[in-house]
Amino acid sequence: MKELEIGDLLHEGKAKKVFHTNHKAVVAVQFKDDATAFNAQKKAQLAGKGLLNWEISARLFEALENRGVASHYLGCLEPGWMAVQALKIVPLEVVLRNLAAGSLCKQLPIAPGSSLQPALLDLFYKDDALGDPLLTEARLKLLALLEPAERVQLEAISRDVNRVLQQIFVEINITLVDFKLEFGRCDAGKLLLADEISPDTCRLWNQSDQRVLDKDRFRKDLGGVVEAYGEVLKRVQGLGPTPRQYR
Ligand code: UDP
């Protein structure tokens with residue numbers, strides 16, 4: 001097969017750029033240093049964040065794959081870039097919570113750090129202009145974004161991801177508080193885990209002292225954002241070999 005060549009920009013998001021490639025079924029993702037919070041009202045450039053999230057995400061997608069959870073991830077390109085399957089992204093954010101934090105504690109009378117068992121799973125409609133609203137099952141049906149069987153499948157995969165990620169993070173003394181997933185459909189229509197898994201999209205607490213190792217350091221002006229992401233990478237590196245190159 002011809003070597004992968006990166007083509008035109010297909011989409012630019014808040015933390016990543018997606019490019020066409022010379023292979024129709026493959027797109028190239030570049031992780032950016034831009035940090036945003038509160039629906040992009042707070043913005044900054046954090047030098048090195050892109051590289052950290054790239055490697056953390058690549059390693060976590062590989063760790064998930066090794067434990068039976070498939071994703072769009074195909075392999076790494078040059079530093080900061082990965083090859084992933086071209087998918088049609090479903091405009092939903094799936095949030096799973098093992099411990100209460102963030103918006104949940106602002107919206108409901110639940111104390112931060114409360115254990116949520118089974119993990120709480122919520123769906124949000126992915127639309128910055130609308131502020132990513134929380135969906136009810138009735139509103140999800142109204143939008144007709146998922147077939148009923150896909151709704152079941154989405155939840156089953158998300159709970160598998162949670163189970164496996166919890167196992168992975170426990171090994172490296174990190175508590176997986178909550179995280180956000182996105183999904184897409186391949187040409188054949190199959191739902192597949194997409195996007196990234198990184199301290200931008202997960203709440204991660206150091207197990208011994210609950211030190212925040214994720215984007216809350218940026219949201220709450222705690223400082224040391226890149227250092228905390230670096231700490232996560234160092235521990236994730238301990239899980240296995242260097243991520244694979246895409247051909
Ligand atoms: N999250 C995300 N993107 C979003 C919203 C949430 O990656 O657009 C992640 C967030 O980092 C956290 C989890 O989803 O790990 C739950 O976030 P929450 O709903 O508490 O929102 P927040 O407190 O970030 O407003």
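Conditions: (1) touching a residue at least 24 places away in the same chain (Cβ under 8 Å); (2) surrounded by fewer than 13 Cβ atoms within 10 Å (Cβ to Cβ); (3) of a type outside the set (Gly, Ala, Ser). Gln117 meets all but one. Number of the miss?
The number of the failed condition is (1).
Identify, by number, the condition in (1) over 22 Å from Val226 (Cβ atoms); (2) surrounded by 14 or more Cβ atoms within 10 Å (Cβ to Cβ); (3) more than 14 Å from the chain's Cα centre (by Cα) that Glu62 doesn't meet.
The one condition Glu62 does not meet is (3).
How about the range 139-247: which strands (runs of 3 or more DSSP E) wholly inside it have at least 3 residues that are touching a residue at least 24 places away in the same chain (Cβ under 8 Å) and either within 16 Å of the ligand (Cβ to nearest atom) or touching a Cys at 6+ places or on another chain (Cβ under 7 Å) (or both)?
174-181, 202-206
Report, by residue number, each residue of the range 40-58 that is outside any strand (DSSP E or B) and touching a residue at least 40 places away in the same chain (Cβ under 8 Å).
Ala40, Leu46, Ala47, Gly48, Lys49, Leu52, Asn53, Glu55, Ile56, Ser57, Ala58
Out of (1) within 16 Å of the ligand (Cβ to nearest atom); (2) of a type outside the set (Ser, Thr, Tyr); (3) free of Cβ contacts under 8 Å to residues at least 60 places away in the same chain, the odd one out for Asn22 is which?
Going through (1) within 16 Å of the ligand (Cβ to nearest atom); (2) of a type outside the set (Ser, Thr, Tyr); (3) free of Cβ contacts under 8 Å to residues at least 60 places away in the same chain one by one, Asn22 breaks only (1).
Looking for whichever is without any contact (Cβ under 8 Å) to a residue 40 or more places away in the chain, within 14 Å of the ligand (Cβ to nearest atom) and of a type outside the set (D, E, K, R) here; the options are Ala100, Ala37, Ala15. Which one fits?
So the residue among Ala100, Ala37, Ala15 that is without any contact (Cβ under 8 Å) to a residue 40 or more places away in the chain, within 14 Å of the ligand (Cβ to nearest atom) and of a type outside the set (D, E, K, R) is Ala100.
Can you go through Leu146, Leu134 and tell me which one is farther than 29 Å from Val26 by Cα and surrounded by 13 or more Cβ atoms within 10 Å (Cβ to Cβ)?
Leu134
Being surrounded by 19 or more Cβ atoms within 10 Å (Cβ to Cβ) and within 16 Å of the ligand (Cβ to nearest atom): is that true of Leu123 here?
Taking the combined requirement at face value, the residue satisfies it.
Since every read-out is calculated from the coordinates, none of them should be taken as a lab result. Predicted model, so just to flag it, every value in this text is computed and none were measured. Using ideal geometry, Cβ is built from the backbone for each residue, glycine included, and neighbour counts are taken over all protein chains shown.
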